[in-house]
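Student: Supplied in structure tokens, the structure appears directly below.
What follows is calculated from the coordinates using simple rules that are stated; it is not laboratory data. Computed from a predicted structure; not experimentally measured. Cβ sites come from the backbone with ideal geometry, for glycine too, and all protein chains shown count toward neighbours.
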Amino acid sequence: MCHFNGPEGKKKRDILKRDQIERALDMAGEPAEITFAGTGEFLVDENAVDYMRMCADKGHKPALLTNGQLLTPGLMDEMLSIGTRQFFISVDAIDAKTYSRVRRGGKFEKILSACAHLRERQSLYPDIRVQVSHIMFAPPQTVADEIVNFWRDKVDVLLLRAEYYDNLFFRNTFYPIPRDRCHCPLSLTLTPSGHISPCCAMTLLQHMYRFPWMPHIDTHTLDEASTLLTDMYNAKGSKFNHICQKCQWWIMFYHRPNIGSPYSRTYMF
């Protein structure tokens, strides 16, 4: 659920209404992990924790994707008290200078403090998982080991990801992008405009462009949206399929025996 287009959003800042969020949560069916995220930062929204609480009250498990800059001990403890256990933090650096450049003035020490606080709280909530996501701005062969060693004693999971550019394309992959494209399974995201995105690529693109053909939470159920988007994905010449044909996000799901994906590497500590 991509709820809030924050200060760094490149188009006008949409924001989901409370009834739209509730509608989506009600349609989620069986208890599920629901990740709250946003362009800019989800926690900029003063109602952020209330929506996560609503999620928990409906039997789901709220998770958070954040840049970590607004995480305070009190806020983290509040989220823990309502059942949040998964914290995904986008960092993309292992030193303060690089972090400030990549994250536009962000404070690296805030990330380290947040990770330390959550790990300390594992004595009370042993199922807490702190994951850092790091985009590879250089060839993995040259920097991966240093990044892994830095985070080894600070988080539970480290995800190294290839760098995307122009929204649809990748560089600094773990091996050359294969020619034999694989199937790209759809995963629905409710975006700030209320439109239901089928995949990571479209979620990125909708921050900058309008796609009125995407189903909307006010007019479609999640099942209806899934059916419609699947049909468009499979229909040659459809507006969605046209984007898919040039998109490289399918490498997320491509795996070769013994060497894995060109897109990412996951390290469990």
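Student: Hey, what's the Kirkwood Rh for the stretch 162-240 if you take every pair of different alpha carbons, in angstrom?
Tutor: 13.8
Student: Now, a different point. Where does each of Asp14, Asp95, Asp231 land when they are ranked from fewest to most other beta-carbon atoms within 10 angstrom?
Tutor: Fewest to most other Cβ atoms nearby, the residues stand as Asp95, Asp231, Asp14.
Student: With just the Cα atoms defining each centre, how far is the stretch 50-93 from the stretch 146-170? Give it in Å.
Tutor: Value for the Cα centre distance between the two parts: 20 Å.
Student: Right, another one. Across every pair of different alpha-carbon atoms, what Kirkwood hydrodynamic radius in Å does the chain reach?
Tutor: Roughly 19.6 Å, rounded to one decimal.
Student: Show me, for the stretch 177-193, the HN-Hα J-couplings you get by feeding each phi into the Karplus relation (A = 6.51, B = -1.76, C = 1.60, θ = phi - 60°), rounded to Hz, glycine and proline as x.
Tutor: Those phi angles translate into 4, x, 7, 8, 4, 10, 5, 10, x, 7, 9, 6, 10, 7, 8, x, 7 Hz.
Student: Can you tell me the relative contact order of the chain? Whole percent, Cα pairs under 8 Å, sequence separation 6 or more.
Tutor: So the answer I get is 18 percent.
Student: So what J values fall out for the stretch 124-129 if you push phi through Karplus, 6.51 cos²θ - 1.76 cosθ + 1.60 with θ = phi - 60°, rounded to Hz, Gly and Pro as x?
Tutor: Karplus values, whole Hz, x for Gly and Pro: 9, 10, x, 8, 4, 10.
Student: Please name which of Phe88, Ser261, Ala48 has its Cα lying farthest along the dipole of the stretch 2-268 towards the positive end, using unit charges on Cβ (Lys, Arg +1; Asp, Glu -1) and the Cα centre as origin.
Tutor: It is Ser261, whose Cα lies furthest towards the positive end.
Student: Taking the Cα-to-Cβ direction at Lys154 and at Glu109 and moving 7 Å from each Cα, how far apart do the two end points lie in nm?
Tutor: The two pseudo-label positions are separated by 1.4 nm.
Student: Which of the residue pairs Lys58/Lys246; Lys17/Lys239; Lys17/Lys97; Lys110/Lys246; Lys107/Lys246; Lys61/Lys97 have a Cα-Cα distance greater than 29 Å in the structure shown?
Tutor: Lys58/Lys246; Lys17/Lys97; Lys110/Lys246; Lys107/Lys246; Lys61/Lys97
Student: Estimate the FRET efficiency between Asn47 and Arg181 by the formula 1/(1 + (r/R0)^6), using the beta-carbon distance for r and 41 Å for R0, to the nearest 0.05. Please report the intermediate quantities before stating the final value.
Tutor: Values: r = 41 Å, r/R0 = 0.99.
Step by step, r from the Cβ atoms, then E = 0.50.
Student: With springs only between Cα atoms under 10 Å, which of Phe42, Phe170, Phe211 fluctuates most in a Gaussian network model of the chain?
Tutor: Highest fluctuation among the options: Phe211.
Student: So, one more: Out of residues 5 or more away from Phe170 or on other chains, whose amide H comes under 5 Å of its own, with H placed 1.01 Å from N in the peptide plane?
Tutor: The answer is Tyr165.
Student: For the stretch 51-125, what is the per residue volume of the convex hull drawn over the alpha-carbon atoms, in cubic angstrom?
Tutor: 84
Student: Then there is this: Of Ser187, Ser197, Ser226, which has the largest mean-square fluctuation in a 10 Å C-alpha GNM of the chain?
Tutor: Ser187
Student: The stretch 163-210: which trypsin sites (Lys or Arg not before Pro) are DSSP loop and have at most 16 other beta-carbon atoms within 10 angstrom?
Tutor: Arg179, Arg181, Arg210
Student: Provide the gained length on full extension for the span Asp26 to Gln141, in nm with one decimal, where the gain is 0.36 nm per separating residue minus the Cα-Cα distance.
Tutor: Fully extending the segment from Asp26 to Gln141 adds 36.9 nm.
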